[in-house]
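The values are calculated or read from the model by the stated rules, or taken from the named source; none is laboratory data. Since the model is a prediction, treat every value here as computed from it, not as a measurement. Cβ coordinates were reconstructed from backbone atoms using ideal geometry, including for glycine residues, and neighbour counts include every protein chain displayed.
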Amino acid sequence: MGRTSAVSSVPCIAMMRILVTGFEPFGGSSVNPSVMLAKAISQEEWPGAIVSHAILPVIGGEGPQSCRAALREAIDLNHPSVVVCFGESAKATHVCFERVAVNLRDDRIADNAGVQCQDLPVVADGPVAYFSSLPVRAMRDACEGEGIPALLSMSAGTFLCNEIMYTLLHGIEVGEFQSVTSGGFIHLPQLPEQAAERGGPSMQLRHILVGVRASFLTLISPLG
Ligand code: PCA
C-alpha cells in the first residue's frame, strides 16, 4: 500500500488582511458603538481573513494626536489590503454604507481637542470628492438580507467621519498606503442607552454586528 504525505495535501491559502477602525466617544457621550463594533469584528474568526482593529481619536487635522495620524500608524503596523472605518451617527436609523467623502471640514460641534472647523479642505488642493472603493451595494444587500436596516448613504457629513474617509481614499489614490487596495466608511446608529439619554433613533449592538458580519463576508474572497 502506498503512503500519502499529510503535509503535502495541506493547501496554502493566502490570508486577506482587513483593518477596521472605530472612533472614541465624542459630543458628550461616554460610549461610541463604533469602538465596540470594531473590537467585536476583530475578535471573530474569519474564513480567509485576518481582521485587526484600531481606535481613532475624535481629533481632526494633521497633528500627532489626530485620527489621521492614528490611521496611518495602524496601516503601517497591520499592512491591510482593505480598510473599513466605522463611526456613529446619532441621526442614523440604518447601518449606512457611505458612498462619498468630500474635501470639506465644516463642523457642527468641536472635536475632542476643542477645535471646530469651518469651510476648510481635508487636503489642500485635493479633489472635491472620492467614491468609496468598497463593494457598498453588495455589502448593504448582505446586511439587509439578515433583516438589519441598511442603506447606501450619499454623505458622511463634514465632520471627522468624512475627514477620515477622505484621508483614507486620498491616501489610497496617491499611493501613500502601499498595501491598501480598497477602503470606505460605515456609519452606525447610536445605541439604545445613548438614545435614552439624548433621544433619536437607535439600534442594538448585537443587531448591528449581525448586519456588519454579513456585509464583511462579501469582502472576503477565497483567494484573499
Ligand atoms: N461620528 C462622528 C465623528 C466620530 C463619530 O463616531 C462623525 O459622524 O463625523
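What the table shows:
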item	result
Conditions (1) crowded, with 17+ Cβ neighbours inside 10 Å; (2) assigned to a loop (DSSP other than H, G, I, E, B); (3) touching a Pro at 6+ places or on another chain (Cβ under 6 Å): number failed by GLU88	(2)
Pick from segment 46-61, criterion at pLDDT 95 or above and either basic (Lys, Arg) or assigned to a loop (DSSP other than H, G, I, E, B) (or both), ranking: farthest from GLY27 (Cα to Cα)	GLY61
Residue match in segment 65-79 (condition: closer than 30 Å to PRO121 by Cβ, assigned to a loop (DSSP other than H, G, I, E, B), within 12 Å of the ligand (Cβ to nearest atom) and at pLDDT 95 or above)	no
Segments classed as helices (runs of 4 or more DSSP H), wholly inside segment 152-224, with at least 3 members that are aliphatic (A, V, I, L, M)	160-173, 205-217
Cross-chain or 6+ apart pairs with Cβ under 9 Å, segment 103-119 first and outside any loop (DSSP other than H, G, I, E, B), then surrounded by fewer than 17 Cβ atoms within 10 Å (Cβ to Cβ)	ARG105/GLN118; ARG105/ASP119; ARG105/LEU120; ARG105/PRO121
ALA40 being buried (at least 16 other Cβ atoms within 10 Å of the Cβ), more than 13 Å from the ligand (Cβ to nearest atom), in contact (Cβ under 8 Å) with a residue 12 or more places away in the chain and in a helix (DSSP H, G or I)	yes
Subset of segment 109-135 [touching a strand residue (DSSP E or B) at 6+ places or on another chain (Cβ under 9 Å) and surrounded by fewer than 21 Cβ atoms within 10 Å (Cβ to Cβ)]	CYS117, GLN118, ASP119, LEU120, PRO121, VAL128, ALA129, PHE131, SER133, PRO135
Every residue from segment 89-124 that is within 12 Å of the ligand (Cβ to nearest atom) and touching a His at 6+ places or on another chain (Cβ under 7 Å)	SER89, ALA92, CYS96, GLU98
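Rundown of residues vs (1) in contact with a strand residue (DSSP E or B) (Cβ under 8 Å, 6 or more places away or on another chain); (2) more than 12 Å from GLU88 (Cβ to Cβ); (3) of a type outside the set (S, T, N, Q); (4) within 14 Å of the ligand (Cβ to nearest atom), yes/no style:
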residue	(1), (2), (3), (4)
GLY145	no, yes, yes, no
ILE148	yes, yes, yes, no
ILE164	yes, yes, yes, yes
SER182	yes, yes, no, no
